[in-house]
Amino acid sequence: MAHAEGQQHPLGIYIKVWILLFVVSGFSYAVDYFDFQGYTRWSLILLFMFIKAGYIISVFMHIKWERWALSAAILVPPSVLLVFIGIMAIESNYTFLTRILNFGPG
Amino acid sequence: MSPQKSSAAAAQPVELKPGLIGLAEDWSSDQRAFKNVSWGKAMMWIFLLSDTFIFSVFLISYMTARMSTAVDWPPVSEIFALSFGGDPIPLVLIAIMTFILITSSGTMVLAVNYGYRKDRKKTVILLLLTALMGASFVGMQALEWSKLISDGVRPWENPFGASQFGSAFFMITGFHGFHVSVGVVFLLLIARKVWRGDYDTEKKGFFTSRKGNYEIVETMGLYWHFVDLVWVFIFAFFYLW
């Protein structure tokens, strides 16, 4: 079996990902430093966030080398959170609207 | 089938197929779905999955509070700015904390690697470095909390804007800081065991009575990387958004 002795991989890939995480964190900080606003800001934040999260999960947490049985059990269930986010976004828009209508200055 | 034949068949290792076919075969197989993964590592993953949901619920409740408030959200970038004699630099402490946590993830991953190579000295040093950076992270968070508290931020009100800001901040960063603190304690415990050579002599754990081995360093690493991962999301959604 390939990983009978646990997850052992050459150090090079860890060092490369480590440097990459540093650089991308620098980019996310730059988004705030250069004060991007609106959709540019949000899409850049999400892009850098997913790059970082993806590399941490796949390389540092070894999901890249695990069998699909494990990686699917870990990665598929959180996708229901998208539905939850959608439901709560609709709910909060409604709350916001009623607050404006009932307590608004107009 | 003769007894000899069936025992020969049992000794034959089952071939594990890759990809989607492997997934279907693993999940529909006898006894265990996670082949070549020890129960300890699988359970750490299941725990981290449940923790994912806890942190997601916190972040979603923060989203709900922020989207539904009619009052402006406080200017996060300015609140978390610090000045070193000159103009205030936005989010500077948070940026330093982010880099420290990423660095500690790097030392952790190297500790796992040297653990499997049974290089005790390097593993202990790297684990202690990771713990030290975790502790300094918590220290900076304490600094940040005291600064905000002295600025008048409370879970129910703050002078900067929407009153939900305080409760979201203290709840989310507090729970994450608690995770880091617990991680530091466990890093120190495991560093001590590696130092004593528990995993070379396969000394039994006092609680589980199972033979120790270097895989525990990898399991510890999963937890530590998860803490770093959660910070990536908190940094993006709470501090930058």
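See the values below:
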item: Test: residue in the stretch B:33-42 that is facing chain A (nearest Cβ under 8 Å), within 17 Å of residue B:225 (Cα to Cα) and surrounded by 19 or more Cβ atoms within 10 Å (Cβ to Cβ); result: no
item: Residue identified as touching a Phe, Trp or Tyr at 6+ places or on another chain (Cβ under 6 Å), touching a residue at least 24 places away in the same chain (Cβ under 8 Å) and under 29 Å from residue B:92 (Cα atoms) among A:60, A:48; result: A:48
item: Near pairs, Cβ below 8 angstrom, 6+ apart or cross-chain, from the stretch B:113-137 (more than 15 Å from residue B:218 (Cβ to Cβ)) to any residue that is at pLDDT below 90; result: B:120/B:197; B:120/B:200
item: In the stretch A:74-90, the residues that are within 7 Å of chain B (Cβ to nearest Cβ) and either of a type in the set (Val, Ile, Thr) or more than 18 Å from residue B:54 (Cβ to Cβ) (or both); result: A:74, A:85, A:89
item: Residue among A:61, A:1 that alone is modelled with pLDDT under 90 and facing chain B (nearest Cβ under 9 Å); result: A:1
item: Residue that is among the aromatic types (Phe, Trp, Tyr) and part of a helix (DSSP H, G or I), where the choices are B:206, B:178; result: B:178
item: Hits in the stretch A:4-25 - residues which are at the interface with another protein chain (Cβ under 7 Å from one of its Cβ atoms) and either assigned to a helix (DSSP H, G or I) or modelled with pLDDT of 90 or more (or both); result: A:11, A:14, A:18, A:21, A:22, A:25
item: Residue satisfying condition, being within 30 Å of residue B:125 (Cβ to Cβ), over 22 Å from the mean Cα position of the chain (by Cα) and modelled with pLDDT under 95, within set B:204, B:193; result: B:204
item: Close pairs (7 angstrom Cβ cut-off, 6 or more residues apart or separate chains): at the interface with chain A (Cβ under 9 Å from one of its Cβ atoms) in the stretch B:57-79, at pLDDT below 90 and surrounded by fewer than 16 Cβ atoms within 10 Å (Cβ to Cβ) anywhere; result: B:70/A:103; B:70/A:104
item: Members of the stretch B:99-116 found to be aliphatic (A, V, I, L, M), farther than 11 Å from residue B:133 by Cα and buried (at least 24 other Cβ atoms within 10 Å of the Cβ), listed by number; result: B:109, B:111, B:112
item: Among (1) surrounded by 14 or more Cβ atoms within 10 Å (Cβ to Cβ); (2) under 23 Å from residue B:66 (Cβ atoms); (3) facing chain B (nearest Cβ under 7 Å); (4) modelled with pLDDT under 95 - the single one residue A:68 does not satisfy; result: (2)
item: Sole exception among (1) within 14 Å of another protein chain (Cβ to nearest Cβ); (2) in contact (Cβ under 8 Å) with a residue 60 or more places away in the chain; (3) not hydrophobic (A, V, I, L, M, F, W, C) for residue B:176, by number; result: (1)
item: Single condition residue A:28 does not satisfy, out of (1) surrounded by fewer than 15 Cβ atoms within 10 Å (Cβ to Cβ); (2) of a type in the set (Gly, Ala, Ser); (3) at the interface with chain B (Cβ under 9 Å from one of its Cβ atoms); result: (1)
item: 2 or more residues at pLDDT 95 or above and farther than 28 Å from residue B:165 by Cβ: qualifying helices (runs of 4 or more DSSP H) within the stretch B:16-109; result: B:39-68
item: Enumeration of residues in the stretch A:60-73 that are closer than 18 Å to residue B:53 by Cβ and not in a helix (DSSP H, G or I); result: A:61
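The values are calculated or read from the model by the stated rules, or taken from the named source; none is laboratory data. Note that this is a predicted model, so its numbers are computed, not measured. Neighbour counts run over all protein chains shown; Cβ positions are idealised from the backbone, glycine included.
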